[in-house]
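Everything below concerns the one structure shown next.
Nothing in this text is a laboratory measurement; each read-out follows from the coordinates by a stated rule. Please read all numbers here as calculations on a predicted model, not as lab measurements. With ideal geometry, Cβ positions are generated from the backbone for all residues, glycine too; neighbour counts draw on all protein chains shown.
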Amino acid sequence: MSVEIIPSIVSRDFADLEKKIKILDGRVTWAEIDVADGVFASNVTFQEPAILNELDDKIKIAVHLMVELPETVIEEWLAVADRVIIHYEATDDLVNILEKYQKPHQEIVVALALDTPVEVIAESADQIKTIQLMSIAKLGFQGEDFCPVVIDKIEAIKAKWPNLKIVIDGGIGLDEARDLISAGADGLVVGSAIWGAIDPLKALKELQSLK
């Protein structure tokens, strides 16, 4: 199965977000918008779900909620996104969130911070389709260093829950992508390796060619 490259977008305003979505249009199936609240993640980014309705694109939108108590805002984002990623560490109500919102036409992805062991999802594993493993220590920023310990977590999930889809997010360049694909990752969320390149589309194509 091919590995999906999912460009991530960290923007403070809609104009920048829209510009990047237009660059990607027709070139990827998914784009992921990072939403950081300055509490759970120290950065503050775009946080206006209703405006996403103004995007004129064919790309599926994933929203990565790096926010405290995602259950307080999840409905607003589900109204405009094709899937929403929430952090295990940000809520004490994960089981109820999954029971309420995980549906065939809308997916709730569970993200784990770098230092969170995979075993924490045991109680909810049968309700989860996709797990997103952070491969950077500091959330909400692009350009952070990749932490290879995430590869051990991929192997642990494959051993315990072989049908769970695994997406890796953070610090991924070409070399890291190759290692993660070899380890069994199903999707790679990539930010600075695309947007920090002289030619973002060329960088995207190089990553996509690794499939």
_Residue in the range 108-118 that is of a type outside the set (A, V, I, L, M, F, W, C), within 14 Å of the chain's Cα centre (by Cα) and closer than 30 Å to E76 by Cα present_ = no
When you look at K100, is it in contact (Cβ under 8 Å) with a residue 60 or more places away in the chain and either buried (at least 21 other Cβ atoms within 10 Å of the Cβ) or basic (K, R) (or both), yes or no? no
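Yes or no, residue by residue, for (1) among the aliphatic types (A, V, I, L, M); (2) over 15 Å from the mean Cα position of the chain (by Cα):
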| position | (1), (2) |
| --- | --- |
| A122 | yes, yes |
| D126 | no, yes |
| I136 | yes, no |
| C147 | no, yes |
| I166 | yes, no |
| G171 | no, no |
| E176 | no, yes |
| K205 | no, yes |
| L210 | yes, yes |
Scanning the range 179-201 residue by residue, those touching a Gly at 6+ places or on another chain (Cβ under 9 Å), crowded, with 21+ Cβ neighbours inside 10 Å and assigned to a loop (DSSP other than H, G, I, E, B) turn out to be G191
Going residue by residue through the range 31-48, is there one that turns out to be surrounded by fewer than 16 Cβ atoms within 10 Å (Cβ to Cβ), of a type in the set (S, T, Y) and within 18 Å of the chain's Cα centre (by Cα)? yes
The residue that is nearest to W161 (Cα to Cα), considering only those in the range 78-121 that are of a type in the set (S, T, N, Q) and in contact with an Asp or Glu (Cβ under 9 Å, 6 or more places away or on another chain), is T116
Evaluate the following for D82: is it among the charged types (D, E, K, R), closer than 20 Å to L98 by Cβ and touching a residue at least 12 places away in the same chain (Cβ under 8 Å)?
-> yes
Of all strands (runs of 3 or more DSSP E) fully inside the range 1-70, the set with 1 or more residues that are acidic (D, E) and within 26 Å of D93 (Cα to Cα) is 30-36
Selection from the range 183-211 of residues over 22 Å from A137 (Cα atoms) and either touching a strand residue (DSSP E or B) at 6+ places or on another chain (Cβ under 9 Å) or of a type outside the set (A, V, I, L, M) (or both) yields D199, P200, K202, A203, L204, K205, E206, L207, Q208, S209, L210, K211
Test Q132 against the stated conditions and say whether it is over 24 Å from A36 (Cα atoms) and surrounded by 14 or more Cβ atoms within 10 Å (Cβ to Cβ). no
